[in-house]
Amino acid sequence: MQQIKNNALVSNSLFIFLTRFFPSLANTIVLILFSRNLDKETYGLYQNFWIQLNILFPIACFGIHVLLVTYSPAIMVRLMTSLKAKHYVVYSFWVMLFSSVFALLQFKALALNFIVPLFFLLSYSLSFILESTLIVFKSFKALVTISFFYSVAFTALHWAYLHYEFPLQALFVFLLFITSVRLLLYAFISNSNVKKYENAPLQQDVSLKNVRSLWLHLGLYDVLQVLFSWADKFIMSLILIASVSAVYYNGAMNIPFLPLLLSAAGSAILIQLSTTDKEKEPAHTLRLLNQSGRMLSSIVFPVFLFLLLFRYELFSVLLSDQYLASVPVFLVAIMSLPLRAYTFTTVLQNHHRGAIINIGAILDIVIACLLIYPFYKWFGLPGVAMAFVVTTYLQAGYYLYHTARTLNVKIPALLPFRNWVVKLIVLAIVFIIIHYLLSYFFAPAITLILGGMLSVIIILISLWIELKNNKVVYGKALS
């Protein structure tokens, strides 16, 4: 039985990751194409649209998409049907408010028709909420299929923009169309799933007061996390000229796919914990956390080392030499990547410790803001990124401390520490050798291609080893 649950964790994580992988891949392809083919001014205007969208749409969602994956399908449907019409009216007003703010920003920057960005943020926000709904329903095939075709259409529209040179404003109109189609498909599938669980029995009673409290905490936490991740880019998109904003954005960009891994793993663990009997905790929770940490590190550590050692090849080959000035910022920004090998707030969320989560998030952004100025004076522009890296490590320690207290265990029990140390040392040696040999014998483009291929092979080998070890440790020991 335990082996089945462990397999479900891996399977659910994979499907959730794939759902969000394809749009992220499409965004990465577009980033490369536009960096190489557009002037900095136009590229900056384009990226400013997405920077401002990415900081406003999570505020519009306000934690609903995070709250949903905390519960089983039956409980989620019961909560949805218990809401009154006034609740939907108030939330509609909330979403329209921030959609209007976004529309005003784009009207000023792009002279874009007010209606387009208004409905863009509206459709984008609701799609994100319904995506979480379908994850709870485990409608993974539909999610992955829709995600794939949406991403293909997204990439094709940007390719057409480069080749047919229609106005940038027209590109966003076409993007609104495919975003709206995705929303309608999500709504149709969600509605059919809701009907299946309307009369389903509840495995446990849920206090609406606790749900409301958790939602407010999660909403605040999600907003704070967004602010922490996008605040510097958002401010620069407002106060700097577009060309300078483009240089900073490419240096401090969020690494594609890794946030998706963390989100997928965290959602999968929450789905598992939502159906776990309380008497099985904390032992079962510790197994899930350690399994997730080992699996994620098999991907995160190789990606981190690849980005660290191949950073100059990445910028010169993929983004062109005009963005080499972004490399020092990039070097500092990726130093927090190893922390992506762990889901720090999952247990706290499952135990409704929203206050603890938010205190950590508030301390995170406050300390980062306090460090920005002195770090900038000491280290220049990379110091801005360094302030956020330092506080990320402080926040991780804070969450580990409170997770250990929640489960009544010691901090080392939460982490596969020995596995991480051995893995990081071995992989570092391997990647240093690979980069030295490739850069010695080949040009940057070939070095980057071969380095990327070898990194994928290393990740697959590492995952295979972990899956094999997991089967031995958890399958045999618990059978």
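All of the numbers you see were taken from the coordinates with simple rules; none came from a lab. Predicted model, so just to flag it, every value in this text is computed and none were measured. Here Cβ is always computed from backbone atoms with ideal geometry, including for glycine, and neighbour counts include all displayed protein chains.
Applied to the stretch 87-97, the Karplus parametrisation 6.51 cos²θ - 1.76 cosθ + 1.60 on θ = phi - 60° returns per-residue 3J(HN,Hα) values of 5, 5, 5, 4, 5, 4, 4, 4, 5, 5, 4 Hz, with x for Gly and Pro. Cβ crowding within 10 Å, taken as a proxy for footprinting-reagent exposure, orders V181, V303, V223 from fewest neighbours to most as V181, V223, V303. Listed values for the stretch 69-80 are Karplus-derived 3J(HN,Hα) couplings in whole Hz (6.51 cos²θ - 1.76 cosθ + 1.60, θ = phi - 60°), namely 6, 7, 10, 6, x, 5, 5, 4, 5, 4, 5, 5, and x replaces Gly and Pro. Here's how it looks for Y342: its modeled amide H is under 5 Å from none belonging to a residue 5 or more places away or on a different chain. Could you sort out which of K40/K108; K138/K410; K84/K209; K86/K209; K86/K141; K410/K468 sit more than 23 Å apart by Cα distance in this structure? Distance filter (> 23 Å) returns K138/K410; K86/K141; K410/K468. By the scheme Lys and Arg +1, Asp and Glu -1, what is the net charge of all other residues having a beta-carbon under 13 Å from that of G383? Counting the neighbours of G383, the net charge comes to 0. By other beta-carbon atoms within 10 Å, ranking V390, V426 with the fewest at the front produces V426, V390. Counting neighbouring beta carbons within 10 Å and listing from fewest to most, the residues L126, L450 come out as L450, L126. Using the Karplus relation 6.51 cos²θ - 1.76 cosθ + 1.60 with θ = phi - 60°, the per-residue 3J(HN,Hα) values for the stretch 300-313 come to 5, 5, x, 5, 4, 5, 5, 5, 5, 8, 10, 5, 5, 5 Hz, with x marking Gly and Pro. Each 10 Å bin from zero up to the one holding the largest Cα-Cα distance in the stretch 276-479 carries the following percent of pairs: 8, 27, 30, 24, 10, 1. Measuring how big the stretch 1-238 is from its alpha-carbon positions, Rg and Dmax come out at 19.1, 59 Å.
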